[in-house]
1. Scan the range 25-35 and give yes if some residue there is of a type in the set (Lys, Arg) and either modelled with pLDDT under 95 or under 28 Å from Ala62 (Cβ atoms) (or both), otherwise no.
2. Can you list residue pairs whose Cβ atoms sit under 9 Å apart, with the first residue in the range 40-63 being closer than 19 Å to Met1 by Cα and of a type in the set (S, T, N, Q) and the second being modelled with pLDDT of 95 or more and surrounded by fewer than 16 Cβ atoms within 10 Å (Cβ to Cβ)? Count only pairs 6 or more apart in sequence or on different chains.
3. Mind counting the residues in the range 39-68 that are closer than 30 Å to Ala25 by Cβ and surrounded by 11 or more Cβ atoms within 10 Å (Cβ to Cβ)?
Amino acid sequence: MVRVIVDVMPKPEILDPQGKAVLGALPRLGFTGISEVRQGKRFELEVEAADDATLAEIAEVAQTLLSNPVIEDFVVRVDA
């Protein structure tokens, strides 16, 4: 079995209130030097093989189900 990762993140121009909340909490917890936080989603899919056809199908799944293409970008990658 092969693990394929789909990372979904808000597009750069989209506000990320969850990321801003984390960023605001960091200094109160003593963490400094972090200037931006963006929060996204990670999906792990187990497949028989990570060939081109399977990765194309996973990209279609990510486009139609795992992400909102209007406000989110996604990346499909094979876990090494």
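1. Let us first name the residues in the range 25-35 that are of a type in the set (Lys, Arg), namely 28.
Right, trim to either modelled with pLDDT under 95 or under 28 Å from Ala62 (Cβ atoms) (or both) and you get none.
No, the range 25-35 has no match at all.
2. Filtered contacts from the range 40-63: Thr54/Val2; Thr54/Val47; Thr54/Glu48.
3. So in the range 39-68, the residues closer than 30 Å to Ala25 by Cβ come out as 39-44, 62, 66-68.
Within this subset, residues satisfying the condition of being surrounded by 11 or more Cβ atoms within 10 Å (Cβ to Cβ) are 39-41, 43, 62, 66-68.
So the count comes out to 8.
The values are calculated or read from the model by the stated rules, or taken from the named source; none is laboratory data. Worth saying up front: this structure is predicted, and the values here are computed from it rather than measured. All Cβ positions, even for glycine, are placed from backbone atoms using ideal geometry, and neighbour counts span all protein chains on display.
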